[in-house]
1. Which condition number does ASP68 fail, the rest of (1) charged (D, E, K, R); (2) within 16 Å of TYR91 (Cα to Cα); (3) assigned to a strand (DSSP E or B) being met?
2. Report yes if LYS71 is among the basic types (Lys, Arg) and exposed (fewer than 13 other Cβ atoms within 10 Å of the Cβ), otherwise no.
3. Which numbered condition in (1) part of a loop (DSSP other than H, G, I, E, B); (2) surrounded by 13 or more Cβ atoms within 10 Å (Cβ to Cβ) is the only one that LEU3 fails?
4. Within region 21-40, identify whether any single residue is in contact with a Leu (Cβ under 7 Å, 6 or more places away or on another chain) and at pLDDT 90 or above, and answer yes or no.
5. Taking the residues in region 45-83 that are over 11 Å from the mean Cα position of the chain (by Cα) and small (Gly, Ala, Ser) as candidates, determine which candidate is farthest from TYR12 (Cα to Cα).
Amino acid sequence: MYLAAVAQGYFYTPATLGGGEKSFANIGVAESGLMKSGDVATVDNRRATYVIRGNETSVTVTGRSKRDPSKAVVLTLDMSKEKEKRVSVTYERW
């Protein structure tokens, strides 16, 4: 949920202050609250690889296990939905 909170902060922050100005189109690792270790949209640590994808109204962070790449956790934040339905977390093959 930390990532969702950080992403919402980015969404609402004006571009002049380094935010998305009501868009996730340019969100990357630095803006998502993760430590950069790959390209702008990818982060690796010893347990997983995380990929961040954003568009105008939503951002998705997928964490894929390094031990078993078929296992993943997907966090989606969709600002076009009602407030209580914006965040979803799904688990693949857990």
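1. Every listed condition holds for ASP68 apart from (3).
2. Details: among the basic types (Lys, Arg): yes; exposed (fewer than 13 other Cβ atoms within 10 Å of the Cβ): no.
Spelling it out, it is not the case that LYS71 is among the basic types (Lys, Arg) and exposed (fewer than 13 other Cβ atoms within 10 Å of the Cβ).
3. Against the list (1) part of a loop (DSSP other than H, G, I, E, B); (2) surrounded by 13 or more Cβ atoms within 10 Å (Cβ to Cβ), LEU3 comes up short only on (1).
4. Kept after step one, since they are in contact with a Leu (Cβ under 7 Å, 6 or more places away or on another chain), are these residues of region 21-40: 32-33.
Cutting the leftovers down to at pLDDT 90 or above gives us none.
No - not one qualifying residue is present in region 21-40.
5. Among residues in region 45-83 that are over 11 Å from the mean Cα position of the chain (by Cα) and small (Gly, Ala, Ser), the one farthest from TYR12 (Cα to Cα) is SER70.
The values are calculated or read from the model by the stated rules, or taken from the named source; none is laboratory data. Every value quoted in this text rests on a predicted model; they were computed, and no experiment measured them. Cβ: placed from backbone, ideal geometry, glycine included. Neighbour counts: every protein chain shown.
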